[in-house]
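One structure is given here, and the rest of the page talks about it.
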Amino acid sequence: MAEISSFQLEWIEAFRPHIGICLNITPDHLDRYPSMDEYVFFKKVMFKNQTAEDAALVSDDDPLLREIPGSGRRVGFSFSEPASKDGACLRGSQVFFRGGIEGEGPRLPVGGHMSRGLQEDMLASALAARLLGVDSEVSEEVFASFKTIGHRFQLAGVKGGVTFIDDSKATNVGAVDTALAGMDGPVIVILGGKDKGGDFSGIAERHKGRIRKCYVIGEAADRIMSEVSGIVEAQRAADLQEAVARAYEGASSGDTVLLSPGCASFDQFRSYAHRGDVFQECVRAIK
């Protein structure tokens with residue numbers, strides 16, 4: 001199994017995955033690509049060499065994946081009924097397969113702080129396992145014991161009834177959108193970092209009912225402020241430490257402070273993991 005970036009896909013010639021998976025396509029790396037169309041092209045080029053013996057697993061919820069290149073068998077996954085002939089969907093916490101792979105699948109452990117993005121990952125994984133002939137009981141057992149990687153919608157602590165979530169790995173606006181979509185209750189979100197060209201206005205508009213306030217940091221702060229101000233309350237902070245402190249001061253019991261930057265980390269940190277570590281240190285330092 002390999003995770004392939006759009007940067008690597010720019011150079012492929014004969015690369016042909018037997019099962020290729022594309023979870024979604026959202027604006028990213030627009031500091032590298034001159035247009036969103038070019039970025040989309042290189043995301044989907046993974047499928048171009050597939051034949052009828054291969055499978056292209058794609059989200060039926062993503063309009064950018066309605067058409068894909070190549071001759072692979074399209075197998076869709078969705079949070080509702082999949083549009084593809086063969087596919088999988090979630091009903092409650094259980095996966096259901098349809099078409100040529102019809103049947104009941106594993107249950108997902110959707111409680112706690114599991115994000116919608118992680119649910120989507122598990123849905124796609126269950127579908128790939130089904131195509132490979134893996135028993136659903138095996139998938140369910142793996143899901144039940146799975147521990148998320150650090151800094152991906154990770155619980156960083158609870159202070160005075162305020163929950164802190166470290167989603168530092170959310171380095172593009174699509175990941176922020178997914179994180180906010182899975183939140184219940186008011187959210188104070190920390191955005192910003194090294195600019196990758198994503199548009200934050202749509203996120204602010206879609207989630208303005210749950211965003212109590214934004215604190216914006218880093219190189220992209222001015223642009224993000226210009227896009228979200230007037231839609232949600234937003235303030236600039238000098239750094240992550242100040243953003244965490246001010247977010248906690250303004251929070252009420254039951255609120256969530258979410259670090260989901262939507263940007264790369266390299267303006268102020270060594271990596272997204274370093275940024276997440278600093279966030280968690282700031283939470284631990286709260287008295």
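In a simple Cβ point-charge model (Lys, Arg +1; Asp, Glu -1; nothing else charged), segment 1-73 has a dipole of about 180 debye relative to its Cα centre. Once the cut-off is 22 Å, how many percent of the Cα-Cα pairs in segment 154-285 end up in the long-distance tail? Here the long-distance tail beyond 22 Å is 23 percent of all Cα pairs in segment 154-285. Exposure proxy for Ser136, Ser59, Ser35: other Cβ atoms within 10 Å of each Cβ, ordered fewest to most, give Ser35, Ser136, Ser59. Scattering from segment 116-166 was approximated by placing one identical point on each alpha carbon and applying the Debye formula without solvent; log10 I(q)/I(0) at 0.14, 0.19, 0.28, 0.30 1/Å stands at -0.49, -0.71, -1.06, -1.13. Over the C-alpha atoms of segment 1-88, the Rg to Rh ratio, Rh being the Kirkwood estimate, stands at 0.96.
Per the Debye formula on identical point scatterers at the alpha carbon atoms of segment 125-221, with no solvent, log10 I(q)/I(0) at q = 0.16 Å⁻¹ is -0.81. Of the residues Ile149, Ile286, Ile224, Ile165, the one with the fewest other Cβ atoms within 10 Å heads the list, and the complete ranking is Ile149, Ile286, Ile165, Ile224. With helices as the sole contributors, the chain gives -9000 deg cm²/dmol at 222 nm; each DSSP H run of n ≥ 4 counts as -39500 (n - 2.57), and the sum is divided by every residue. So for segment 43-151, Kirkwood radius off the Cα pairs, Stokes-Einstein at 25 °C and 0.890 mPa s: how many µm² s⁻¹? It comes out at roughly 171 µm²/s. Its alpha carbons give the chain an Rg and a Dmax of 19.7, 60 Å.
Averaging 1/r over every pair of different alpha carbons in segment 223-287 and inverting the result gives a Kirkwood radius of 13.1 Å.
Need the C-alpha centroid separation for segment 241-278 versus segment 62-134, integer Å. Comparing the Cα centres of segment 241-278 and segment 62-134, I get a distance of 32 Å. For segment 155-164, 3J(HN,Hα) computed residue by residue from phi via the Karplus equation (6.51, -1.76, 1.60; θ = phi - 60°) reads 5, 9, x, 10, 10, x, x, 9, 8, 10 Hz, glycine and proline entered as x.
Here, each number is a calculation from the coordinates, and none is a lab measurement. Computed from a predicted structure; not experimentally measured. Cβ: placed from backbone, ideal geometry, glycine included. Neighbour counts: every protein chain shown.
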